[in-house]
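Novice: Pasting a structure below so you can have a look.
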Amino acid sequence: MIVTKKKYSITIFSICCILAFGLAVGLVKSASSAEEKLFPIKTSTRYDCTLAPYIVAVNKGFFRDEGLELVWTGELPSSEYITGVVTGTIDFADQHPNGLALDVFGGAKIKAVGRSIIEPDESVDSRLRHMRYYVSREAYDAGVKTIADLAKYKEGKTLKSAGEVNTCESFILNKALDVNNIPRDKLEWIAIDSDVAKIQALKIGQVDLIGVHPPFFDAAVESGVAQIGDSSDSKLGETAGVYLYYFSNEFIGKHPKEVGGFVRAMTKAQQWANANLDETAKWTGDFIGQEVKGNHYYSETTEIDEATILPWIEDLENTGGLPKGALKPSDIITHQFEVK
């Protein structure tokens, strides 16, 4: 009986070990399966002001919570984002409404699914506004202290402004000129593709006026140029900052669950970024390799307010970029992923 009991004990012990081992293997496999179930969504690597909410979504686990994994594909010029999304090289990108409208009018099968940047109201730190405008120290000392002062600066001559037409650079500044009754043809647009390059161009006298985005406000100040206004001078309200996330229609049709998860994750990231400015700036700086002291302000809801989209389209109509009535906000956005 004693021998029998001993054998029985060994048998029970062996079974327990086997079960424990099986459970451990099962847990490992389950963890591995969970990792494998993360759905990869690809976007271009970037080192500019649009980066912050993505970094927050990764660091805070908001993508993982939605079963998603953000995949950086390497840096693409922003002019190639649309081609990347349409061809599937990347799954999504972001753009202002006027650029998106021009792409859709040109035949691109894409839709915006959510808002990223918006212009904050006056109660929010001015460092979070979409853009700031600068002139040389010489121009400032000569009396150009505000955008309104541009009217009398170099009278009879056009002023060279760094930036691209039919982008946020021209749309917002032109609106600020309108507010101050300054003819838009007072400006000649000189295409310069980065804020750092703009600052240098102003320093050497290549241009008279520049618009700069965060996180490069400090770089502008440190260079010695002088601020004369910001995007709030356009009197557009939150419209002045609107930036949109977009996917191809094909991707949205095939992966609506994942697109919905992306919108929710980015909304959480944007809420967190607005509430945690210093940490967001630090994470952004760590990624781009230079100190960042400020970011943009972001939409905190999944809703896309069409009233903030329409002025961008109407401005394209007024400048000849689009035929009148060619597009309406619903042609470039979808409300499918809004959480009411």
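Bear in mind that the values in this text are calculations on the coordinates, not laboratory data. A quick note: this is a predicted structure, and the numbers were derived from the prediction, not measured. Backbone-built Cβ (ideal geometry, glycine too); neighbour counts: all protein chains shown.
Novice: Please indicate, with yes or no, whether at least one residue in the range 309-329 is more than 30 Å from residue 87 (Cα to Cα) and hydrophobic (A, V, I, L, M, F, W, C).
Specialist: No; the residues of the range 309-329 include none that is more than 30 Å from residue 87 (Cα to Cα) and hydrophobic (A, V, I, L, M, F, W, C).
Novice: Oh, and also: Can you confirm whether residue 116 is surrounded by 22 or more Cβ atoms within 10 Å (Cβ to Cβ) and polar (S, T, N, Q)?
Specialist: Considered against the rule, which asks whether it is surrounded by 22 or more Cβ atoms within 10 Å (Cβ to Cβ) and polar (S, T, N, Q), residue 116 comes out as yes.
Novice: Among the residues that make up the range 294-317, is at least one of them farther than 18 Å from residue 103 by Cβ, touching a Cys at 6+ places or on another chain (Cβ under 9 Å) and part of a helix (DSSP H, G or I)?
Specialist: The answer is no; no qualifying residue exists.
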